[in-house]
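Chemist: If you scroll down you'll find the structure; I have some questions about it.
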Amino acid sequence: DGGITQSPKYLFRKEGQNVTLSCEQNLNHDAMYWYRQDPGQGLRLIYYSQIVNDFQKGDIAEGYSVSREKKESFPLTVTSAQKNPTAFYLCASSIEGEQSPLHFGNGTRLTVT
Amino acid sequence: QKEVEQNSGPLSVPEGAIASLNCTYSDRGSQSFFWYRQYSGKSPELIMFIYSNGDKEDGRFTAQLNKASQYVSLLIRDSQPSDSATYLCAPSKPGNTGKLIFGQGTTLQVKP
């Protein structure tokens, strides 16, 4: 079945360490996104990519980095510069078009202590 | 003013009742609207999409859109305990594929 796979489901890191969250899709979607969700909050866009080897910052890109070397993969690195990294991270993909919905992965819950 | 506003709730309704979830948005350029349902600890799942003024029905769900008032709502008829979740509203603009601005969501509790 087609879908989006995020791994791991839970991730624990010490403050000051960089950590990379994996996102893989087999939906053949061109566009991929990373959102962050904090408790009781909506989703906020971190980065997005509409084509391989190209990506743009979203609303809260500071302290994060991404790459898009393959159409299927869009990993997110949470760097030590991110001041409040503990959150629920959601990867999504879509086809082009205003009326195209986002398809979400199951998310990665990151805890930094 | 937030771009997308939803009452965070919780909205509590008895089983079998109609639940009404509301969303207002500030950007008049928004043309399409998504409603996502998110169970606690899970990722959002799409339940409704609407782009024309008026009502759109899908099973027990009805989305209502009024672009002049910048208002979109979701009605859930015959509410079930399994409908208990957070409902997220997300407007979409032409040229902004996927870059949705989400409301904070309304938490619905359906009591048996």
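Chemist: Collect the residues in the stretch A:67-99 that are within 14 Å of another protein chain (Cβ to nearest Cβ) and in contact (Cβ under 8 Å) with a residue 12 or more places away in the chain, keeping them in residue-number order.
Modeler: The answer is A:Arg68, A:Phe74, A:Ala87, A:Phe88, A:Tyr89, A:Leu90, A:Cys91, A:Ala92, A:Ser93, A:Ser94, A:Ile95, A:Glu96.
Chemist: Within the stretch B:90-111, is even one residue surrounded by 13 or more Cβ atoms within 10 Å (Cβ to Cβ) and over 28 Å from A:Ser93 (Cβ atoms)?
Modeler: Residues of the stretch B:90-111 that are surrounded by 13 or more Cβ atoms within 10 Å (Cβ to Cβ), as a first pass: B:90-93, B:96-110.
Among the residues that remain, those that are also over 28 Å from A:Ser93 (Cβ atoms) are: B:109-110.
Yes, the stretch B:90-111 contains at least one residue that is surrounded by 13 or more Cβ atoms within 10 Å (Cβ to Cβ) and over 28 Å from A:Ser93 (Cβ atoms).
Chemist: Moving on to the next point. When residues of the stretch B:5-34 are filtered for being part of a strand (DSSP E or B) and either touching a helix residue (DSSP H, G or I) at 6+ places or on another chain (Cβ under 7 Å) or more than 24 Å from A:Arg109 (Cβ to Cβ) (or both), how many remain?
Modeler: Result for the stretch B:5-34: 14.
Chemist: Regarding B:Arg60, is this residue closer than 25 Å to A:Asp59 by Cβ, in contact with a helix residue (DSSP H, G or I) (Cβ under 9 Å, 6 or more places away or on another chain) and either among the charged types (D, E, K, R) or surrounded by fewer than 19 Cβ atoms within 10 Å (Cβ to Cβ) (or both)?
Modeler: No: the conditions fail for B:Arg60.
Chemist: Failed condition for B:Leu21, given (1) modelled with pLDDT under 95; (2) under 19 Å from B:Phe102 (Cβ atoms), with all others met?
Modeler: (1)
Chemist: Continuing with this model, one more query. Hey, among B:Lys42, B:Lys93, which residue is closer than 21 Å to A:Gly105 by Cα and within 12 Å of another protein chain (Cβ to nearest Cβ)?
Modeler: Checking each option against the conditions leaves just B:Lys42.
Chemist: If the Cβ limit is 6 Å and pairs must be 6+ apart or interchain, which residue in the stretch A:38-52 that is more than 7 Å from chain B (Cβ to nearest Cβ) and surrounded by 22 or more Cβ atoms within 10 Å (Cβ to Cβ) pairs with which residue that is hydroxyl-bearing (Ser, Thr, Tyr) and not in a loop (DSSP other than H, G, I, E, B)?
Modeler: The qualifying pairs are A:Ile46/A:Tyr64.
Chemist: If I go through the stretch B:8-34 residue by residue, how many of them are within 11 Å of another protein chain (Cβ to nearest Cβ) and of a type in the set (Phe, Trp, Tyr)?
Modeler: 2
Chemist: Taking the conditions exactly as written (in contact with a strand residue (DSSP E or B) (Cβ under 9 Å, 6 or more places away or on another chain) and outside any strand (DSSP E or B)), does A:Arg109 satisfy them or not?
Modeler: no
The values are calculated or read from the model by the stated rules, or taken from the named source; none is laboratory data. Source: prediction; values computed, not measured. Quick reminder, even Gly has a Cβ in these numbers, built from the backbone with ideal geometry, and neighbours come from all protein chains shown.
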